[in-house]
Amino acid sequence: MATTNQSPTDAIVFASYGTTRDDARVSCVDPVAQQVYDAFPDWVSMGAFTSAKVRRALDARGEHTPSVTEALHVLLALGVRRVVVQSGHVVAGHAYDEIGLALQKCGRLFDQVRVGLPLLSDGEDAFCVAEAVCERFPRQDDSALVLVGHGGGQEAEGLFAQVQQAARALGRRDVYVGSLRGAREQEQVQADIAAAGSARAIRLAPLMLSAGSHSHIDLAGTGSSSWASRFQAQGYEVETLQVGLGELPAVRQRFVEHARAAADAMEAQRS
């Protein structure tokens, strides 16, 4: 539900992919959303999930979370005229595109609408994320830290590569970044680790907002296709770190900064 002030005209929507796991939502999604909302205390605030699959699963449990389109219609009914939709995505992939589709449907009904950038949009974002992850997961001897994102096309792959490069600049040659779908899938990451020749153990962590189903199934699952199983088949000891990016304070602040930039751009446009 939306939270309102007495005479709402401005609103902030935090639109993430979503998760069906209550633990992931409570530890990763809700804290980021709340920090974004707190940065705009006089604005209406509302959350939305862009994944139709997640929303359907939650509806079946009697737990409705609106789409971006639904959230915008609620805000219209409240009298909101200006909206910032802050993306809760890691990169501008297919899930992020759902925000644009929603704005095509009803964005013109508002006086102004701005979209805040996803977490990773440029080199500064990549360095921020790399620094936060390296601080959360200190180096361990004879171990490689493998961060795995969803994927999302060529742009996403480039940004993931920048996170790895930033980790190298921070002195962390043990950090590798891959994706569930893309050029840096498990086989390529494994080949790079083998070529370096210094790791006997693998620590897997999601490069995702939350440690949701992808992290528990695709990374840590017991099936033969999971990243953990494939590394184990090659003789590595594997530990899966179920820590989403939303748990990291610097990441939460980065989302706030993107939301503020969108709000500032909206204000400048009005002036």
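The values are calculated or read from the model by the stated rules, or taken from the named source; none is laboratory data. Quick caveat, the model's predicted, so the values are computed rather than measured. Please note: Cβ atoms are built from the backbone with ideal geometry, for glycine as well, and neighbour counts cover all protein chains shown. When the accessible area is computed, the model is the full protein with side chains, heavy atoms only, and any ligands, DNA or RNA have been set aside. Shrake-Rupley method; radii C 1.70, N 1.55, O 1.52, S 1.80 Å.
Quick grid of which residues meet (1) under 25 Å from H94 (Cβ atoms); (2) modelled with pLDDT of 95 or more; (3) surrounded by fewer than 24 Cβ atoms within 10 Å (Cβ to Cβ); (4) β-branched (V, I, T):
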residue: M1; (1), (2), (3), (4): no, no, yes, no
residue: Q6; (1), (2), (3), (4): no, no, yes, no
residue: T9; (1), (2), (3), (4): no, no, yes, yes
residue: F14; (1), (2), (3), (4): yes, yes, no, no
residue: A24; (1), (2), (3), (4): yes, no, no, no
residue: V29; (1), (2), (3), (4): yes, yes, no, yes
residue: A33; (1), (2), (3), (4): yes, yes, no, no
residue: V36; (1), (2), (3), (4): yes, yes, no, yes
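Which ones in segment 220-271 are of a type in the set (V, I, T) and within 28 Å of P118 (Cβ to Cβ)?
Hits for segment 220-271 are T240, V243, V251, V256.
Of a type outside the set (G, A, S), at pLDDT 95 or above, open to solvent by 70 Å² or more (accessible area, probe 1.4 Å) and assigned to a helix (DSSP H, G or I) - does that describe any residue in segment 151-164?
No, segment 151-164 contains no residue that is of a type outside the set (G, A, S), at pLDDT 95 or above, open to solvent by 70 Å² or more (accessible area, probe 1.4 Å) and assigned to a helix (DSSP H, G or I).
Only residues that are touching a helix residue (DSSP H, G or I) at 6+ places or on another chain (Cβ under 9 Å), closer than 13 Å to Q186 by Cα and open to solvent by less than 40 Å² (accessible area, probe 1.4 Å): list them for segment 225-241, please.
Within segment 225-241, S226, W227, A228, F231 meet the criteria.
Could you go through segment 203-214 and let me know if any residue there is without any contact (Cβ under 8 Å) to a residue 12 or more places away in the chain and either in contact with a helix residue (DSSP H, G or I) (Cβ under 7 Å, 6 or more places away or on another chain) or more than 23 Å from G244 (Cα to Cα) (or both).
There is no residue in segment 203-214 that is without any contact (Cβ under 8 Å) to a residue 12 or more places away in the chain and either in contact with a helix residue (DSSP H, G or I) (Cβ under 7 Å, 6 or more places away or on another chain) or more than 23 Å from G244 (Cα to Cα) (or both).
Filter segment 127-171 for residues that are touching a strand residue (DSSP E or B) at 6+ places or on another chain (Cβ under 9 Å), touching a residue at least 12 places away in the same chain (Cβ under 8 Å) and among the charged types (D, E, K, R) and give the result.
The answer is R136, R139, D142, E157.
Just give me the residues in segment 57-93 being open to solvent by less than 40 Å² (accessible area, probe 1.4 Å) and part of a loop (DSSP other than H, G, I, E, B), in sequence order.
T65, P66, S67, G79, V80, G88, H89, V90, V91, A92, G93
Hey, does segment 171-188 have a residue that's at pLDDT 90 or above, of a type outside the set (D, E, K, R) and in contact with a Cys (Cβ under 6 Å, 6 or more places away or on another chain)?
no
Hey, among R260, R230, R203, which residue is closer than 30 Å to D30 by Cα, part of a helix (DSSP H, G or I), over 16 Å from the mean Cα position of the chain (by Cα) and at pLDDT 95 or above?
R260
For segment 142-157, which positions are under 15 Å from A95 (Cα atoms) and charged (D, E, K, R)?
Once the filter is applied, which keeps residues that are under 15 Å from A95 (Cα atoms) and charged (D, E, K, R), segment 142-157 yields only E155.
Restricting attention to segment 96-140, which residues are buried (at least 23 other Cβ atoms within 10 Å of the Cβ), closer than 30 Å to I202 by Cα and among the aliphatic types (A, V, I, L, M)?
Answer for segment 96-140, where residues must be buried (at least 23 other Cβ atoms within 10 Å of the Cβ), closer than 30 Å to I202 by Cα and among the aliphatic types (A, V, I, L, M): L119, L120, A126, V129, A130, V133.
Out of V146, V177, V129, V189, I need the residue that is in a helix (DSSP H, G or I) and closer than 18 Å to G244 by Cα. Which one?
Step by step, each of V146, V177, V129, V189 is checked, and only V129 is in a helix (DSSP H, G or I) and closer than 18 Å to G244 by Cα.
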